[in-house]
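Heads up: the structure comes next, in C-alpha cells.
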C-alpha cells in the first residue's frame, strides 16, 4: 500500500513535467524496479541519478527527460536529507580548501586519459566549443581557442598564464599560433604529465600547483573551465591571484559554466560522483568578487553551444565503449560507470538546453582599457 502511494506521488510530479511512467514517448520513464518511487521521494536528485546507475529505470531520450524535469522545476519540489546536510556544510565550512581541492583532480581528472581521449575528439579540450561557424566538434574547439587568443590580444613574445590548464591544449595552441610563452597550473597529476609531453619543445611550463600559490607577473591570464571548482568562499582570493599576476595594462579571460541563481553548493549527485566540492557561480557572485579588482570589459554568453558540445562528446564515448578494433573502454569501465557517465552527460545537456546553466566568457582589465575594449566574436 505504501509503495502505491509513493508511485502515485511520483506519477503526479512527473505529470507536471509531461513525463509518463511506461509511456511510449522517448522522454517517458521506463521503470524496472518498484523501489524507485520511495527512493526518489526520499533522496531527490541524488536518488534519481543513483537509481539510474543501478538500472532501476531508463528513458530512450535521457537528456530529453531530464530537460523536462528541470523545466518543470521538480528539483525544487523534492529534496533529500543529504541535500540539506550538504547545504549546511557548504554554509559553515570551505569545501574548496587546498586539501579538499585536490579531490576533484584525483577523482575526476585522473580517471584516465584514455576515457577523455575517446570522448573529447582531436584535442583534449574539456570545455564548451564555439559553434558559431562550425558543424564539427574539433573545428568548434579550435574556434574557441582562437577566440580566447583574439580576446586577449596575444602577440609573439608575451608571457601567458593558464589557471587550470587541463591537458595543455590551450597553451599549446597559443604558443604555436600566436608565438607566446606560457605557464600552466593544474592539480591533476594525469593532466600535468600529459600536458608536459604535449607541449614538449614549446616555451611552455606545466606545473602541478594550486592557483593560490601563484605570485609572479604575466602579460595575460586565462582560465578555462576551472572556476567551477573554486567555490564562493574563495572567489575573492581567485580574483586577487589573477590581479597580482597582471600588469595594469594586462587582460584576464575567465571562461566558466554558470548558473542563473546564486548558490553555495552543487547538485548532490554531481558532487558525489562527478565534481566533488564544485559549484557554479552566478553573475552576482562574479561581480561582487571582482569588484574593486577588475573592470569587466566584456561578458559573452554562448551556453547553448554546450548542448552541441556534449552531444558530440556523448557520440564519441558511446562509440568507444565497445569498439570492435580492441581499443574499447569496456575492460576498464564497467556498466555502472557507463550509466553514471551517460547520466552525467545527459543531465549536463539538459541544464544547458533548458537555459538553467550558462557558459560565460568574461574579459577583465585591472584599470580599464584606455579608449575602450572591442570584443571579438
Theoretical ellipticity at 222 nm over the chain - DSSP helices of four or more residues, -39500 (n - 2.57) apiece, nearest 500: -13500 deg cm²/dmol
Which value results when the Cα radius of gyration for segment 132-171 is divided by 2.2 N^0.38 Å? 1.29
If you take every DSSP beta bridge fully contained in segment 98-365, what fraction is antiparallel? Give it as a percent rounded to 5. 45 percent
Nearest 10 degrees is fine. How inclined is helix 169-178 to the longest principal axis of the chain, computing both from alpha carbons? 30 degrees
Could you quote the convex hull projected area for segment 253-377, Cα atoms only and averaged over all directions, in nm²? 10.0 nm²
Taking Cα atoms, the helix 36-53 axis meets the longest principal axis of the chain at an angle in degrees (rounded to 10) of 50 degrees
Mind giving me the FRET efficiency for residue 32 and residue 284? R0 is 41 Å, r the Cβ-Cβ distance, nearest 0.05 is fine. 0.45
May I ask you to derive the relative contact order of the chain, considering only C-alpha pairs under 8 Å and at least 6 residues apart, and to give it as an integer percent? 19 percent
Would you mind getting me the FRET efficiency between residue 212 and residue 367? Use the beta-carbon distance for r and R0 = 35 Å, nearest 0.05. 0.90
For residue 337 and residue 24, extending 7 Å from Cα along the Cα-Cβ vector and measuring point to point gives, in nm, a value of 3.9 nm
Take segment 125-279, compute every pairwise Cα distance, and split them into 5 Å bins from 0; I just need the percent in each bin. 2, 9, 17, 21, 21, 16, 9, 3, 1
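Semi-axes of the chain's equivalent ellipsoid from the Cα gyration tensor, sqrt of 5 times each eigenvalue, largest first, rounded to whole Å?
After diagonalising the Cα gyration tensor, the semi-axes are 37, 23, 19 Å.
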Gyration tensor on Cα atoms of segment 2-79, a ≥ b ≥ c root eigenvalues, a/c under 1.5 rounded, else prolate if a/b beats b/c, else oblate, says rounded
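Read-outs throughout are calculated quantities, based only on the coordinates presented, and are distinct from any laboratory measurement. As the structure is a computational prediction, the values presented were derived from the model and not from experiment. Note: ideal-geometry Cβ built from the backbone for every residue, glycine included; neighbour counts use all protein chains shown.
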